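One structure below.
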Amino acid sequence: MSDAAVPLSAPQKALRKLGLVRDIDLALHLPLRYEDETRIVRLTDARHGEVVQVEGEVTHQEVVYRPRRQLLVTLNDGSDSAVLRFFNFYPSQQKQMAVGTRVRARGELRGGLAGLTLMHPTVRAAGGTLPEALTPVYPTVAALPQAYLRKAVLAGLAGAELSETIAPAFLNEIADLSAWDLRRALTFLHRPTPDVSLAQLEDHSHPAWQRLKTEELLAQQLSQLQSRRARERLRAPPLQAGPDGLPGRLLAVLPFQLTSAQQRVAQEIGHDIGRTQPMHRLLQGDVGSGKTVVAALAATTAIDAGWQCALMAPTEILAEQHFAKLVDWLAPLLAPLGKRVAWLTGSQKKKQRTEMLAAIESGQAALVVGTHAIIQSQVRFQRLGLALIDEQHRFGVEQRLELRRKLQGDAAPSGGSEPCSGGAWGSATLEPHLLMMSATPIPRTLAMSYYADLEVSTIDELPPGRTPVVTKLVAAHRRAEVIERIAAQIAQGRQVYWVCPLIEESEALDLRNATETHAELGSALPGQEIGLLHSRLPPAEKKEVMQRFVGGELPVLVSTTVIEVGVDVPNASLMVIEHAERFGLSQLHQLRGRVGRGTAASACVLLYSPPEGGRLGETARARLKAMVETNDGFEIARRDLEIRGPGEFLGARQSGAALLRFADLAQDAPLLEWARRVAPRLLDEAAPLAQRHVDRWLGGRADYLKA
Ligand code: ADP
Ligand code: MG
């Protein structure tokens, strides 16, 4: 390509890096703020603390050395004088501001005993025309000067194809935005007239902003709807159990009855996987609500229908737990059929792995449990009918897509994107049904926007007999009392988790901390064996420690956050989290969910230590407060979203590049409702326009929304 021959300049490279490639990308790169260079004020009229532009004659110039080297230039505009103060300056500037010249200076005006000062103002020669529009200041990087970026943006705006894609009939349903078509809105936002209310620009309530947000939300809804419809055209194997089939036999051997919520979601899932369209469903339910058994029921349905099922979990420990439980439940049912449960992780011995791979390829492995090792290319399923992903938020979009591709095995073109976006789907291509599980429920606004393409089943009831976990905040200096409490729990035959702080900067520190706590508890609790679990342990040792804790041999388990998800030890009744202020809210809630799984009264102690001499930060306090106030996973998720905002909440990996840039779900719910309403009609009545709209807004990123 000719592109490769011409080396890019530094600003050009920076543009690419910022994703500002197409005209439309540039046109949609909006200013952070504006500077008003349209008028010149008199010094006597100017307000202190504001950025002002003044023009006058230089009456004095000197370099002083106290308290540090600086250039002081006095400027008189006829109404008053002010000192322009520069700490870094060049000889050329001294020349530019020689005594007697007239200059225009712009900067923040400060009052004070010594008179008026402008700190580090920008200075140019006086005279010259004043701009008619506010000057935009764009988000940028060092290699990309504002002036260059401004020109590029204006060129992009001029070149971009911005014809109307939304018929007025639709627009009028939301507000009268048809007067503000996209071109007018963008032109205005890049070059607003000085009479505009800056407040309206800042809080994004100006019609130009409303129009932009409306368009963005519509693009998102359209794209989700397109992928939903594309999926409806895909085919999946209909999975139905025969009479007296495996699901019924599983229910018969379970030591408990399903809750009515479990029954309901199992039915929803059963209905979906019985269809010839691939299921795309999220099963959400608080920690401990019993998602695993619901997944197992779906798996037995698939197996009964003659298909394979895969269960992927984010960590080895969790995969291991699932494996143990599912083998327990299913192995006796599968054995008479000549089938088994297989196990696949990265740390597996080669011999075992080869054996598992063969069982998967031959179809003998009816259920495969593992980590992301499952999606590696050597793994070939004979016929994968159902894919289950536990703790789905821990996986990236790519990994989910990869699992869905597994049904086609290696026969599918590996370079292609997901089946439903390409032209490859047709009667020949089957997709597995997909069930994702999560203990972090998706708040409603997010479900409506980012996950509009997803069906959601919710387990909103805990199995009977659980006692709610009592959560206590304890300052770190009361650590000794906490250790006494541990002793009391052990005396009652209960078990305890102690989770060590997350030290992001250093895995080594992390480790030292866990090791020290381990030793400390060892000497404080003589005669008790304390387990230690951290990420550096070889998998075999991790497994052993975990097994001994599960088996009740270890009364206390000190751990870094490797136990975060899914671990199930009903006898554990106390969870201590050290430096709880460093954890995220969902993470704290997940950790707390490790206790209160049995019938014993359980507690969660959040040890916190404010930074030396200070107090906890505001968000840390909000998180800890939420933990004490509620045990409800939905409420926790809602507050987490409030504290972090959707970008952080979803995580970059989750959302791909498709996060909303302009719309704010908390503020723009009415616009979102509108977009949801009109998207299907637009797609039905004006498909080419709808497509143009999606391309314009999402470019190559639309795929990410479909995973
Ligand atoms: P999660 O939804 O967090 O994945 P699990 O599936 O691990 O929860 O279930 C938590 C515990 O509750 C497990 O020990 C499981 O066997 C048990 N359990 C699940 N459903 C029921 C039920 N209906 N009655 C009693 N115990 C149940
Ligand atoms: Mg689970």
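With region 527-603 as the region, which strands (runs of 3 or more DSSP E) entirely inside it contain at least 2 residues that are more than 19 Å from Leu318 (Cα to Cα)?
Where strands (runs of 3 or more DSSP E) fall fully within region 527-603 and carry at least 2 residues being more than 19 Å from Leu318 (Cα to Cα), they are 572-577.
What are the residues in region 283-297 that are touching a helix residue (DSSP H, G or I) at 6+ places or on another chain (Cβ under 7 Å) and either more than 6 Å from ligand 1 (Cβ to nearest atom) or more than 24 Å from Val368 (Cβ to Cβ) (or both), if any?
Leu283, Asp286, Val287, Val294, Ala296, Leu297
Is there a residue in region 104-117 that is touching a helix residue (DSSP H, G or I) at 6+ places or on another chain (Cβ under 9 Å) and either touching a residue at least 40 places away in the same chain (Cβ under 8 Å) or more than 25 Å from Val196 (Cα to Cα) (or both)?
No, there is no match, as no residue in region 104-117 is touching a helix residue (DSSP H, G or I) at 6+ places or on another chain (Cβ under 9 Å) and either touching a residue at least 40 places away in the same chain (Cβ under 8 Å) or more than 25 Å from Val196 (Cα to Cα) (or both).
Of the numbered conditions (1) within 15 Å of ligand 1 (Cβ to nearest atom); (2) free of Cβ contacts under 8 Å to residues at least 12 places away in the same chain, Pro243 satisfies every one except a single condition; which is it?
(1)
Out of all the residues in region 467-483, is one or more surrounded by fewer than 18 Cβ atoms within 10 Å (Cβ to Cβ), assigned by TED's automatic domain parsing to the domain that holds Ala261 and among the acidic types (Asp, Glu)?
Looking for residues that are surrounded by fewer than 18 Cβ atoms within 10 Å (Cβ to Cβ), assigned by TED's automatic domain parsing to the domain that holds Ala261 and among the acidic types (Asp, Glu), one finds none in region 467-483, hence no.
Could you list, in sequence order, the residues of region 439-462 that are within 16 Å of ligand 2 (Cβ to nearest atom) and either surrounded by 19 or more Cβ atoms within 10 Å (Cβ to Cβ) or within 19 Å of the chain's Cα centre (by Cα) (or both)?
Answer for region 439-462, where residues must be within 16 Å of ligand 2 (Cβ to nearest atom) and either surrounded by 19 or more Cβ atoms within 10 Å (Cβ to Cβ) or within 19 Å of the chain's Cα centre (by Cα) (or both): Ala439, Thr440, Pro441, Ser457, Ile459, Leu462.
Spot the failing condition for Met279; the list is (1) away from ligand 1 (no atom under 13 Å from the Cβ); (2) under 30 Å from Ile636 (Cα atoms); (3) out of contact with any strand residue (DSSP E or B) (no Cβ under 9 Å at 6 or more places or on another chain), and only one is missed.
The number of the failed condition is (3).
Glu320 fails exactly one of the following numbered conditions: (1) within 16 Å of ligand 1 (Cβ to nearest atom); (2) of a type outside the set (A, V, I, L, M); (3) closer than 20 Å to Arg249 by Cβ. What is the number of that condition?
Result: Glu320 fails condition (3) only.
Whether any residue in region 551-558 is under 29 Å from the mean Cα position of the chain (by Cα), on the phi < 0 side of the Ramachandran plot, in the same structural domain as Arg615 (by TED's automatic domain parsing) and buried (at least 19 other Cβ atoms within 10 Å of the Cβ) is what I want to check.
Yes; the residues of region 551-558 include at least one that is under 29 Å from the mean Cα position of the chain (by Cα), on the phi < 0 side of the Ramachandran plot, in the same structural domain as Arg615 (by TED's automatic domain parsing) and buried (at least 19 other Cβ atoms within 10 Å of the Cβ).
Based on this model, can you work out whether Ala373 counts as more than 16 Å from ligand 1 (Cβ to nearest atom), under 27 Å from the mean Cα position of the chain (by Cα) and of a type in the set (A, V, I, L, M, F, W, C)?
On the way: more than 16 Å from ligand 1 (Cβ to nearest atom): yes; under 27 Å from the mean Cα position of the chain (by Cα): yes; of a type in the set (A, V, I, L, M, F, W, C): yes.
Yes, satisfied.
If you take the residues in region 223-240 that are surrounded by fewer than 20 Cβ atoms within 10 Å (Cβ to Cβ) and not in a helix (DSSP H, G or I), which one is farthest from ligand 2 (Cβ to nearest atom)?
So the residue we want is Arg235.
Scanning region 594-615 for residues that are in contact with a helix residue (DSSP H, G or I) (Cβ under 6 Å, 6 or more places away or on another chain) and over 18 Å from Leu557 (Cα atoms), which turns out surrounded by the fewest Cβ atoms within 10 Å (Cβ to Cβ)?
Looking at the filtered set, the residue picked out is Ser609.
Report yes if Ala46 is in a strand (DSSP E or B) and either of a type in the set (S, T, N, Q) or not assigned by TED's automatic domain parsing to the domain that holds Gln146 (or both), otherwise no.
no
Out of the strands (runs of 3 or more DSSP E) lying entirely within region 110-190, which hold 1 or more residues that are charged (D, E, K, R)?
122-125
How about region 285-299: which of its residues are touching a Lys or Arg at 6+ places or on another chain (Cβ under 9 Å) and away from ligand 2 (no atom under 11 Å from the Cβ)?
Ala296
Can you name every residue in region 265-280 that is away from ligand 2 (no atom under 16 Å from the Cβ) and touching a residue at least 12 places away in the same chain (Cβ under 8 Å)?
Passing the criteria: Glu268, Gly270, Asp272, Ile273, Gly274, Arg275, Thr276, Gln277, Pro278, Met279, His280.
Against the definition (within 44 Å of the chain's Cα centre (by Cα), among the aliphatic types (A, V, I, L, M) and either more than 26 Å from Leu217 (Cβ to Cβ) or not assigned by TED's automatic domain parsing to the domain that holds Ile24 (or both)), how does Leu144 come out, yes or no?
Answer is yes for this residue.
Could you please find all residues in region 311-325 being within 11 Å of ligand 2 (Cβ to nearest atom) and not aliphatic (A, V, I, L, M)?
Pro314, Gln321, His322, Lys325
The values are calculated or read from the model by the stated rules, or taken from the named source; none is laboratory data. Predicted, not measured: the structure shown is a model, and the values here were computed from it. Quick reminder, even Gly has a Cβ in these numbers, built from the backbone with ideal geometry, and neighbours come from all protein chains shown.
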